[in-house]
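Readers should treat all values here as calculations from the given coordinates under stated rules, not as data from a laboratory. Fair warning: this is a prediction, and the values are worked out from it, not measured in the lab. No Cβ is skipped: glycine too gets one built from the backbone with ideal geometry, and neighbour counts run over all protein chains shown.
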Ligand code: KG4
Ligand code: ZN
């Protein structure tokens, strides 16, 4: 009956992305990733903002072209309002505001963390949508949260990191081991070839559903320094085992908290999102949880796990159906909460 086209725009960190969604289906999902940060071993905010300014017009243009529609066919423009880097958010926010204003169509603000969760509601063959209520765990380089999701827009954060995000734990461990940035994918690859019990790292003691990863990073640093003192080739000779042991510890921390979350809430449906959901260890552990604990688990298609605009567009669509629009005077919000 309805025939709704929504443009989604994402610019919260270092990816400039635009996507067009037709009802619940993705027609295009374009991303310009910024390679420049690799040289610095992390995202440089000033460089990110400048790259967004260069990329945003061509990326939006391409998203419309790939979708096979003109901008006049759009029903609304959705954009990431926060959380994220202020200089990056401002580029997408200003662009979305003027684009919607020029076309005289509604503007829709999207919370990036909600979007990582609601990406599960994109219509995609072979992927089931979770039913409410479910537990969502968002794990990436910028965030680590456990959220109780009662409906599309009724969400409560029931746990989060008190220091580093889980992706940062991967990336900082990688730096200690001399791996490139971001190190998550390589640690994961090597972990699959190593012995997860070769070395033991103590898990942090954090009450309830909160996480802490900075102590683990320090423990790994001291461990590696000590071993290298005794054998300068320690890292090269044992890299796969070190990676496997780090991964085993990190996945153990995540699964312990999920077990506690299911116990506390009585909810056994679990959905994950964010770049670290690509990890083979977490995917296997969730599958094991289905057998061992009776969980039902949801892992999104890879392209919807890392930062992307399709997840912004789907939230735009869901808000459009509810008539939940933003005013033209809305501003970006670096610390926006769920
Ligand atoms: O969601 P994302 O693309 O960007 C944000 O941080 O928002 O996530 C990137 C993070 C990086 O820390 C990267 O190391 C991690 O996700 N990552 C992985 C894997 N693939 C990406 N960590 C562990 N295993 C992976 N396979
Ligand atoms: Zn993200």
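Computed quantities for the displayed model
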read-out: Hits in segment 130-162 - residues which are within 13 Å of ligand 1 (Cβ to nearest atom) and in a loop (DSSP other than H, G, I, E, B); value: 140, 141, 142, 143
read-out: Positions within segment 55-95 being more than 20 Å from residue 323 (Cα to Cα), touching a strand residue (DSSP E or B) at 6+ places or on another chain (Cβ under 7 Å) and assigned to a helix (DSSP H, G or I), in sequence order; value: 55, 56, 59, 60, 62, 63, 64, 66, 67, 89, 92, 95
read-out: Considering residues of segment 163-188 that are closer than 15 Å to residue 248 by Cα and within 7 Å of ligand 1 (Cβ to nearest atom) only, the residue surrounded by the fewest Cβ atoms within 10 Å (Cβ to Cβ); value: 185
read-out: Positions within segment 96-129 being closer than 20 Å to residue 25 by Cβ and in a strand (DSSP E or B), in sequence order; value: 108, 110
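Residue-by-condition table, conditions (1) away from ligand 2 (no atom under 16 Å from the Cβ); (2) more than 26 Å from residue 172 (Cα to Cα); (3) more than 23 Å from the chain's Cα centre (by Cα):
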| residue | (1), (2), (3) |
| --- | --- |
| 19 | no, yes, no |
| 38 | yes, no, no |
| 44 | yes, no, no |
| 71 | yes, yes, yes |
| 81 | no, yes, no |
